[in-house]
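The values are calculated or read from the model by the stated rules, or taken from the named source; none is laboratory data. From a predicted model like this one, the values you see are computed outputs, not experimental measurements. Note that we place each Cβ from the backbone using ideal geometry, even for glycine, and neighbour counts take in every protein chain shown. Ligands, DNA and RNA are stripped out before the accessible areas are found, and what is left, the full protein with its side chains, is counted by its heavy atoms. Shrake-Rupley method; radii C 1.70, N 1.55, O 1.52, S 1.80 Å.
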Amino acid sequence: MTEHNIISYSGGKDSTAMLLLALERETPNLQVVFADTGNEHPSTYEYVRYVEQATGVPIRWIRADFTQQIEGRRQMMRNVIAGTHKNQGRYEWTPAIAHRALEILRPTGNPFLDMCLVHGRFPSTKVAFCSKELKRDQLTKQVHLPLLDAGDDVQSWQSVRSDEGGKRHLLTATELSMTRPNGAELWSFRPILAWKAEDCFKMHRKHGLKANPLYAQGMKRVGCMPCINAGKDELLEISKRFPEELKRIAEWERIVSLVSKTNVGTFFPASDLGATSAADAGTLTHGINARVEWAKTSRGGRQYDMLRVDSPVELCTSIYGLCE
Ligand code: SF4
């Protein structure tokens, strides 16, 4: 029986530091896996390639494929049109909406967008199906299970740090996550649990590796661009530095709203901007562009804050002080 060490790699500082740690320890049977959400910044894609080349360790890219689920959704639309679908919940599917959705519901090949087509909505902090469906499930399905079912053990390296907040301080450095019927075990391994952000950057410097350039451009975390957890300041920074990414999100909102039974498909919940029902909400009034306008306001969201709007983007806003 072999034990495989699988590193879940995101292109961020933590997983890069963890990869370097694994290399320092000359970890055997190492596999590095990058789960591409399809909603990453181009700099992250470039950075993943750079790390592969700089470390000499191959990085395997995996992506979710929603082709089957989209076909399931198309069948549901046909059922609505045929009158055999049982409506549930506050809003109802109508044949007119189902016809419109059928026009749009086809795999685009972008995992994030295809996932939203399947759900008829974007994920949110309250209903955060994205990291599960785009990352965790893919790692399990495409990487861990084939090894486990071949009878091998898997050590899944996770670059979580306790001081990141939430319930992370409750996590342990090792944990048995799954035992298969054949006895093969999946272990979670969290070797940088006690590290601080600065320890991760130190590891980069020790190995002469550049950090993902997004950290020096005001981004607190490297992940989706934007992430559903992006705060007001981060969103404002993204709007100044990477307006093309928000243009893409605005287009995704247009597409997702066409497959939604409420006709609403906003990246951030419309309720955050005061909508109390689907009739109140729309991508123009509550979509990503409206959210950016809100991000330009000071506390309370009623007044424009000229300091926020006009501060130059050249300013180093990395909270890690990388340009200091
Ligand atoms: S980075 Fe954010 S948006 Fe992307 S999968 Fe993770 S939680 Fe979801």
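According to the square roots a ≥ b ≥ c of the eigenvalues of the Cα gyration tensor, what is the shape class of the range 67-106, taking rounded for a/c under 1.5, prolate for a/b larger than b/c otherwise, and oblate for the remainder? Don't jump to the answer; show the numbers that get you there.
Values: a/c = 1.74, a/b = 1.50, b/c = 1.16.
Verdict is prolate for the range 67-106.
Please give the length that would be gained between residue 127 and residue 216 if that part of the chain were fully extended, namely 0.36 nm times their separation in residues minus their C-alpha to C-alpha distance (nm, one decimal). Don't skip to the answer; put the middle values down first.
Values: separation 89, 0.36 × 89 = 32.04 nm, distance 3.02 nm.
Roughly 29.0 nm would be gained on extension.
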- Message: Classify the range 86-234 from the C-alpha gyration tensor, please: rounded if a/c falls under 1.5, else prolate or oblate depending on whether a/b exceeds b/c.
- Response: oblate
- Using a Gaussian network model of the chain whose springs link C-alpha atoms within less than 10 Å, name the residue from 40, 52, 133 with the highest mean-square fluctuation. 52
- Contact order relative to length for the chain, counting C-alpha pairs under 8 Å separated by 6 or more residues, stands in percent at 21 percent
- Among 255, 70, 81, which one shows the biggest mean-square fluctuation in a GNM of the chain, springs joining Cα atoms closer than 10 Å? 81
- Task: As a check on your grasp of the helix formula, calculate [θ] at 222 nm for the chain: sum -39500 (n - 2.57) over DSSP H runs of n ≥ 4, divide by the residue count, round to the nearest 500.
- Result: -10500 deg cm²/dmol
- Roughly how big is the range 67-106's charge dipole about its Cα centre, with Cβ charges of +1 (Lys, Arg) and -1 (Asp, Glu), in debye to the nearest 20? 40 debye
- Quick one: dipole size for the range 141-235, taken about the Cα centre, charges +1 on Lys/Arg Cβ and -1 on Asp/Glu Cβ, in debye to the nearest 20. 420 debye
- Using the charge dipole of the chain (Lys, Arg: +1 at Cβ; Asp, Glu: -1 at Cβ; taken about the Cα centre), state which of 30, 94, 231 has its Cα farthest towards the positive end. 94
- Item | Residue-normalised accessible area of the chain, given per residue in Å² at a 1.4 Å probe | 50 Å²
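So if I place +1 on the C-beta of Lys and Arg and -1 on the C-beta of Asp and Glu, and nothing else carries charge, what would the dipole magnitude of the chain be about its Cα centre? I want it in debye, nearest 20.
Numbers: 42 positive and 38 negative charges, 155 e Å.
Approximately 740 debye in magnitude.
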- Query: If you build a Gaussian network model of the chain, linking Cα atoms that sit under 10 Å apart, which residue out of 86, 13, 240 swings the most?
  - Reply: 86
- Any chance you could check the Cα centroid distance between the range 125-188 and the range 38-95 for me, in angstrom? 20 Å
- Within straight-line cross-link reach of residue 141, lysines at Cα separation under 19 Å, skipping those fewer than 8 residues along the same chain: 132
- Message: Can you give me the % of accessible surface on the range 113-216 that is carbon or sulfur? Probe 1.4 Å, all protein chains present, nothing else counted.
- Response: 55 percent
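Report, to the nearest whole %, how much of the accessible area of the range 67-106 belongs to carbon and sulfur atoms, 1.4 Å probe, protein only.
Numbers: 1360 of 2700 Å².
Roughly 50 percent, rounded to a whole number.
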- Query: Taking the Cα centre of the range 83-231 as the origin and placing charges on Cβ (Lys, Arg +1; Asp, Glu -1), which of 83, 217, 166 is farthest toward the positive end of the dipole?
  - Reply: 217
- Which Cα, out of 7, 179, 104, lies furthest along the positive dipole direction of the chain (beta carbon charges, K/R +1, D/E -1)? 104
- So for the chain, using the alpha carbon gyration tensor with a ≥ b ≥ c as root eigenvalues (a/c under 1.5 gives rounded; past that, a/b versus b/c decides prolate or oblate), I'd call it oblate
- Could you pull out the pairs from 126/220; 126/247; 135/206 whose alpha carbons sit more than 26 Å apart here? 135/206
